[in-house]
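A.B. asks: Below is one structure. I have some questions about it.
The values are calculated or read from the model by the stated rules, or taken from the named source; none is laboratory data. Note that the structure is a prediction, hence the values are computed from the model and not measured. For neighbour counting, all protein chains shown are included, and Cβ atoms are generated from backbone atoms with ideal geometry for every residue, glycine included. Calculation scope for accessible area: heavy atoms of the full protein, side chains included, ligands and nucleic acids excluded. Shrake-Rupley method; radii C 1.70, N 1.55, O 1.52, S 1.80 Å.
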Amino acid sequence: MRNKCQMYRYVEPRSYGKDLTFKFYDDGKLTIIDNKTEEVISPNSLRGASKDFYVRQRISFIKQILLASQLKHA
């Protein structure tokens with residue numbers, strides 16, 4: 001079985017801001033890639049607007065999983 005993921009790209013509005021790709025996998029795994037340096041970074045290194053974006057997407061992802069689970073067992 002393939003593990004599906006949802007990908008989001010976030011570019012901070014400032015000209016020198018971060019350009020990040022977030023990959024949320026169905027098994028709960030997360031990968032954050034800095035598109036400028038092509039390095040994988042941890043959620044702990046996020047600050048400001050990029051951290052806010054991450055938190056909002058993570059909450060949305062968890063809600064989707066909970067809803068799917070409820071519908072499956074209803």
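A.B. asks: Could you name the lysines in cross-link range of Lys18, using Cα to Cα under 19 Å and dropping any fewer than eight places away on the same chain?
C.D. replies: List returned: Lys36, Lys51.
A.B. asks: When mean projected area of the Cα convex hull in nm² is calculated directly from the model, which label among (i) 5.7; (ii) 4.2; (iii) 8.1 fits?
C.D. replies: Of the listed options (i) 5.7; (ii) 4.2; (iii) 8.1, (i) comes from this structure.
A.B. asks: Which of Arg47, Arg58, Arg14 ends up with the largest GNM mean-square fluctuation for the chain, with Cα atoms connected below 10 Å?
C.D. replies: The residue with the greatest mean-square fluctuation here is Arg14.
A.B. asks: Tally Lys and Arg at +1 and Asp and Glu at -1 over the other residues with C-beta under 15 Å from the C-beta of Ile32: what net charge comes out?
C.D. replies: Values: positive: Arg9, Lys18, Lys23, Lys29, Lys36, Arg47, Lys51, Arg56, Arg58; negative: Glu12, Asp19, Asp34, Glu38, Glu39, Asp52.
Local net charge: +3.
A.B. asks: What FRET efficiency, computed as 1/(1 + (r/R0)^6) with R0 = 22 Å and r the Cβ-Cβ distance, is obtained for Ser45 and Tyr25, rounded to the nearest 0.05? It would help to have the intermediate numbers written out before the result.
C.D. replies: Details: r = 19 Å, r/R0 = 0.88.
It comes out at approximately 0.70.
A.B. asks: Over region 26-69, average the accessible area per residue using a 1.4 Å probe and give it in Å², no decimals.
C.D. replies: Accessible surface, normalised per residue, equals 69 Å².
A.B. asks: Taking K and R as +1 and D and E as -1, what net charge do the other residues with C-beta under 15 Å from the C-beta of Phe53 add up to? Walk me through the numbers on the way to the answer.
C.D. replies: On the way: positive: Arg9, Arg14, Lys18, Lys23, Arg47, Lys51, Arg56, Arg58; negative: Glu12, Asp19, Asp34, Asp52.
Around Phe53, the surrounding residues sum to +4.
A.B. asks: Carbon-plus-sulfur fraction of the accessible area of region 1-46, 1.4 Å probe, in percent?
C.D. replies: Working: 1680 of 3360 Å².
Carbon plus sulfur share of accessible area: 50 percent.
A.B. asks: So which chymotrypsin sites (Phe, Trp or Tyr not before Pro) in the chain are both in a DSSP loop and have at most 11 other Cβ atoms within 10 Å of their Cβ? Walk me through the intermediate numbers first.
C.D. replies: Numbers: sites: Tyr8, Tyr10, Tyr16, Phe22, Phe24, Tyr25, Phe53, Tyr54, Phe61; in loops: Tyr16.
When the chymotrypsin sites (Phe, Trp or Tyr not before Pro) of the chain are filtered for loop state and at most 11 Cβ neighbours within 10 Å, Tyr16 remain.
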